[in-house]
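The values are calculated or read from the model by the stated rules, or taken from the named source; none is laboratory data. Please read these numbers as outputs of a predicted model, since none were measured by experiment. Neighbour counts are summed over all protein chains in view; Cβ atoms, including those assigned to glycine, are modelled from backbone coordinates with ideal geometry.
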Amino acid sequence: MTLSQILWIYMYLTLIGLIAVSVYGIVRRPNLLKKIIALSIFGDTANTFIIFIGFRRGAATVPILPTLNPTLEQLIAFKNTAVDPLPQCLVLTAIVINMSVTAFLTALAIQLYRLYGTLDVREAVKLKW
Amino acid sequence: MKAKTLEEEKTHEVIIGAGIAILLILTVFAIILGVTGYTPSENIRPLAQFYLYYAMNTFKKELWAATPEAVNSMVWDYRGYDTLFETSVFFLAVIGAVSVLRLPGVKDVVSKGILSGRGLSLIVKVITKFIVAFILIVAISIAIHGNLTPGGGFQAGAAVSIASLIGLAAFSRIFLEERHVTTKLMLPIRVLGVVGIGLVALVPAFIALSGILVFAMQNQPKVWAPNFGFPPGFGDFWLSGNQFYYNFFEFLAVGAGFTVIYLMYSIPEYFYKEVLGKK
């Protein structure tokens, strides 16, 4: 097993650990703010995982062609060296959506606290709406 | 029902935690070792190779997207529908946040002079002014060069909203309102962005009324619809077909959307207490 392989497995284990912590936070923590923080950690971890899938070994380059008039050789070289752009495309939009959903959930939590004085879901379910 | 003791609850928690951990470890290892092979692999998927090869392929113009940036070619051309509906998710999330935080019956929530004389020190304020100017320049450049260099409408919008956020932190809501950064102005700009994206996506539909076969969101001429395509650029000014317009309108929508949310968050608490207390 090479050093690079060990490092990749170490990174995956770190991501697994982060997902485990964030799922625990979402499922078991009663405080809504902690649930939101855990949810955003979960989203970021998933994004990092998707980016890792798109990476390629060797001399990987960015998926951007440096010229507007490429030759056929340049295009083939680009195809053979650039990293997978598809995960980057998915993550690009996912980050912004994640941010807007977090903003919406935070707005709900703030309003819940203003109206009922609690962020604890165990208290909130007992309230008369 | 008998109430659970503390010990029972702890055991319960440990079992759930261990279960989640084992499930995740098995799933992720199955993905790493089974489905995708050893990652990172030396070769990428054939689909990704297709995108990389054809995004700026001037020799095969019925398959190209006219942009040297492969990520942008997917965001607004090859997988344009994906982005279109993600934009609508973003739009709805902002509407949700604004409607939850709205203050019924209060027109002008912040009157001038309430917070005057407060704020951070002079050093912070001067530096913030410089940084805000730099952020605005960088954000606009990210937006209009999104089809050529890393970036695009989403990133530029997120960047420009940070300018308003640090403005709020270093100065106040009044500072922004005096410079016309108000919810009243930002909401129409956001709508303009989303309507602009919709109109650019519908241009092929208007063309189709004249009897030519085109696809919705079509950028460059395709094999089945060779008669329509946005101009890829004017001389040195490279537009990448419709992607320049998409990036610009997305910049408006995302930037104004986040700015609205930050402005709503920054309404002083006593206004809410006043309004909600009357209920």
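Determine, yes or no, whether B:Gly105 is modelled with pLDDT under 90 and loosely packed, with under 14 Cβ neighbours inside 10 Å. Lay out the reasoning, then the answer.
On the way: modelled with pLDDT under 90: yes; loosely packed, with under 14 Cβ neighbours inside 10 Å: yes.
Yes.
Can B:Arg173 be described as basic (Lys, Arg), crowded, with 18+ Cβ neighbours inside 10 Å, out of contact with any strand residue (DSSP E or B) (no Cβ under 9 Å at 6 or more places or on another chain) and modelled with pLDDT under 90? Even if it seems obvious, please write down each step before you answer.
Numbers: basic (Lys, Arg): yes; crowded, with 18+ Cβ neighbours inside 10 Å: yes; out of contact with any strand residue (DSSP E or B) (no Cβ under 9 Å at 6 or more places or on another chain): yes; modelled with pLDDT under 90: yes.
Judged against the criteria, B:Arg173 is a match.
Do you know which residues across the stretch B:159-203 are of a type in the set (Ser, Thr, Tyr) and either more than 20 Å from the chain's Cα centre (by Cα) or outside any helix (DSSP H, G or I) (or both)? Break it down into steps so the answer makes sense when it comes.
Our first condition is that a residue be of a type in the set (Ser, Thr, Tyr); within the stretch B:159-203, this holds for B:161, B:164, B:172, B:182-183.
Of everything in the stretch B:159-203, those that are of a type in the set (Ser, Thr, Tyr) and either more than 20 Å from the chain's Cα centre (by Cα) or outside any helix (DSSP H, G or I) (or both) turn out to be B:Ser172, B:Thr182.
Quick check on A:Val21: is it within 12 Å of another protein chain (Cβ to nearest Cβ), under 29 Å from B:Gln49 (Cα atoms), surrounded by fewer than 18 Cβ atoms within 10 Å (Cβ to Cβ) and not basic (Lys, Arg)?
No.
Could you check the stretch A:82-129 and list, in sequence order, the residues that are more than 7 Å from chain B (Cβ to nearest Cβ), touching a residue at least 24 places away in the same chain (Cβ under 8 Å) and not hydrophobic (A, V, I, L, M, F, W, C)?
Within the stretch A:82-129, A:Pro87, A:Asn98, A:Thr102, A:Thr106, A:Asp120, A:Arg122 qualify.
Consider B:Val223 carefully, then state whether it is touching a residue at least 24 places away in the same chain (Cβ under 8 Å) and part of a helix (DSSP H, G or I).
Details: touching a residue at least 24 places away in the same chain (Cβ under 8 Å): yes; part of a helix (DSSP H, G or I): no.
Criteria not met by B:Val223.
Which of the residues spanning the stretch B:165-205 are among the aliphatic types (A, V, I, L, M) and more than 30 Å from B:Tyr78 (Cβ to Cβ)?
B:Leu165, B:Ile166, B:Leu168, B:Ala169, B:Ala170, B:Ile174, B:Leu176, B:Val181, B:Leu185, B:Met186, B:Leu187 - these are the residues of the stretch B:165-205 that are among the aliphatic types (A, V, I, L, M) and more than 30 Å from B:Tyr78 (Cβ to Cβ).
Would you list the helices (runs of 4 or more DSSP H) that sit entirely within the stretch A:1-115 and hold 3 or more residues that are closer than 30 Å to B:Ser99 by Cα? Don't jump to the end; show me each part of the working.
Details: elements: A:3-28, A:32-53, A:72-81.
Once the helices (runs of 4 or more DSSP H) in the stretch A:1-115 are filtered for at least 3 residues that are closer than 30 Å to B:Ser99 by Cα, what remains is A:3-28, A:32-53.
Could you run through the stretch A:37-65 and say how many residues are among the small types (Gly, Ala, Ser) and within 10 Å of chain B (Cβ to nearest Cβ)? First the steps, then the outcome.
Applying the first criterion (among the small types (Gly, Ala, Ser)) to the stretch A:37-65 yields A:38, A:40, A:43, A:46, A:54, A:58-60.
Narrowing the set further to residues that are within 10 Å of chain B (Cβ to nearest Cβ) leaves A:54, A:58, A:60.
Number satisfying all stated conditions: 3.
State whether one or more residues within the stretch A:66-81 are under 22 Å from the mean Cα position of the chain (by Cα), of a type in the set (D, E, K, R) and either loosely packed, with under 14 Cβ neighbours inside 10 Å or at the interface with another protein chain (Cβ under 8 Å from one of its Cβ atoms) (or both). Reasoning before the result, please.
Within the stretch A:66-81, the first condition is being under 22 Å from the mean Cα position of the chain (by Cα), and the residues that meet it are none.
Checking the stretch A:66-81: not a single residue is under 22 Å from the mean Cα position of the chain (by Cα), of a type in the set (D, E, K, R) and either loosely packed, with under 14 Cβ neighbours inside 10 Å or at the interface with another protein chain (Cβ under 8 Å from one of its Cβ atoms) (or both).
Report every pair of residues separated by at least 6 positions or lying on different chains whose Cβ atoms are under 7 Å apart, first residue within the stretch A:1-29 and more than 14 Å from A:Phe42 (Cα to Cα), second among the acidic types (Asp, Glu).
As it stands, the answer is A:Arg28/B:Glu13, since those pairs meet every condition given.
So, of the residues in the stretch A:47-65 that are without any contact (Cβ under 8 Å) to a residue 40 or more places away in the chain and within 19 Å of the chain's Cα centre (by Cα), which turns out to be surrounded by the most Cβ atoms within 10 Å (Cβ to Cβ)?
Restricting to residues being without any contact (Cβ under 8 Å) to a residue 40 or more places away in the chain and within 19 Å of the chain's Cα centre (by Cα), the top hit is A:Gly54.
Which ones in the stretch B:218-244 are closer than 30 Å to B:Ile162 by Cβ and surrounded by fewer than 21 Cβ atoms within 10 Å (Cβ to Cβ)?
B:Phe237, B:Trp238, B:Leu239
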